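**Q** For reference, the structure I am asking about is given below.
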Amino acid sequence: MSESPQAPDLAEEDVARAYCYALISRLFYAAPDADLLEVLAGVSGTADTDRAAMNSARDADELAQAGGYGFAFDALQHAARSTDLGSLRQEYDDTFIGAGKAPITPYLSGYSLPNAPDRHLVALRQQLSAWGLARREAVFEVEDHVSAVCDAMRWLIESNKPVDMQRAFFDDFVYTGVGPFAHAVAANASASFYRAAGALTRAFLEIEREGFALHAAG
């Protein structure tokens, strides 16, 4: 994807939204490096949380369902504090690369249109091309990689594009693809850190969906 332009003045809410998409993109592009792991382990939770409820929850996805984004972020923070770089690299490889076929693919066309993934990829490429966004030659990942789709959504926000344009891309490519992908990650019993990352993604997408619905109703 091409780099985002210089962001105009944005509302605080939109700055936070862009940050969330950037974080999700980075989490699923590659295993966290030392800097990202340090940031995740040190950032305070985004909301006051009931520690008793957190301790009684069985996993990160249950936290997200019980308490929303704040709980999910705290679960990701705890996971970051409970792991190391070597374990994260191994978990990333085992989850998204694997030997042969990956247990979970980060390419979203199969989630959005499981019976016609090529059609979804073509539609995505056409939309990105219409906006002047193109994959750089050095980038290996296809445009429907979860990180690329989240980067495109971040670009829409940082470019201060109309909310209707953001909502259309969210409905057509983000919620329909990233949502099922995040659900699969959050339900992956063999993962730990990435189960928390999947739950965080699900919680954030629900906030986005509700926000767009409120805007449409208003």
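**Q** Looking at ALA189, ALA196, ALA213, which one is buried (at least 23 other Cβ atoms within 10 Å of the Cβ) and either touching a Lys or Arg at 6+ places or on another chain (Cβ under 6 Å) or farther than 25 Å from LEU133 by Cβ (or both)?
**A** Working: ALA189 fails: buried (at least 23 other Cβ atoms within 10 Å of the Cβ); ALA213 fails: buried (at least 23 other Cβ atoms within 10 Å of the Cβ).
On inspection, the qualifying residue turns out to be ALA196.
**Q** Under 8 Å by Cβ, and 6 or more places apart or on different chains, what pairs join a residue from the range 194-218 that is touching a residue at least 60 places away in the same chain (Cβ under 8 Å) with one that is of a type in the set (Asp, Glu)?
**A** Close Cβ pairs (under 8 Å, with a partner that is of a type in the set (Asp, Glu)) amount to TYR194/GLU91; ARG195/ASP59; ARG195/ASP61; GLY198/ASP61; ALA199/ASP59; ALA199/ASP61; ARG202/ASP61.
**Q** Suppose we filter the range 159-186 for residues that are over 17 Å from the mean Cα position of the chain (by Cα) and either more than 27 Å from LEU133 (Cα to Cα) or not in a helix (DSSP H, G or I) (or both); how many remain? Steps first, please.
**A** Initial filter on the range 159-186 (over 17 Å from the mean Cα position of the chain (by Cα)): 159-165, 168.
After this cut, where a residue has to be either more than 27 Å from LEU133 (Cα to Cα) or not in a helix (DSSP H, G or I) (or both) as well, the list is 159-162.
Qualifying residue count for the region: 4.
**Q** Follow-up question, since we're still on this one. Does the range 126-149 contain at least one residue that is surrounded by fewer than 15 Cβ atoms within 10 Å (Cβ to Cβ), acidic (Asp, Glu) and either within 24 Å of ALA18 (Cβ to Cβ) or without any contact (Cβ under 8 Å) to a residue 12 or more places away in the chain (or both)? Steps first, please.
**A** From the range 126-149, those surrounded by fewer than 15 Cβ atoms within 10 Å (Cβ to Cβ) are 126, 129-130, 132, 134, 136-141; that's our starting set.
This time we only want the ones that are acidic (Asp, Glu), so: 137, 141.
So of that shortlist, the ones also either within 24 Å of ALA18 (Cβ to Cβ) or without any contact (Cβ under 8 Å) to a residue 12 or more places away in the chain (or both) come out as 137, 141.
Yes - at least one qualifying residue is present in the range 126-149.
**Q** For GLY198, only one of the following conditions fails: (1) in contact with a helix residue (DSSP H, G or I) (Cβ under 9 Å, 6 or more places away or on another chain); (2) in a helix (DSSP H, G or I); (3) farther than 13 Å from PHE28 by Cβ. What is its number?
**A** (3)
Every number here is computed from the coordinates shown, using simple stated rules; none is lab data. If you're wondering where the values come from, they're calculated on a predicted model, not measured in any experiment. All Cβ positions, glycine included, derive from the backbone under ideal geometry; neighbour counts span all protein chains shown.
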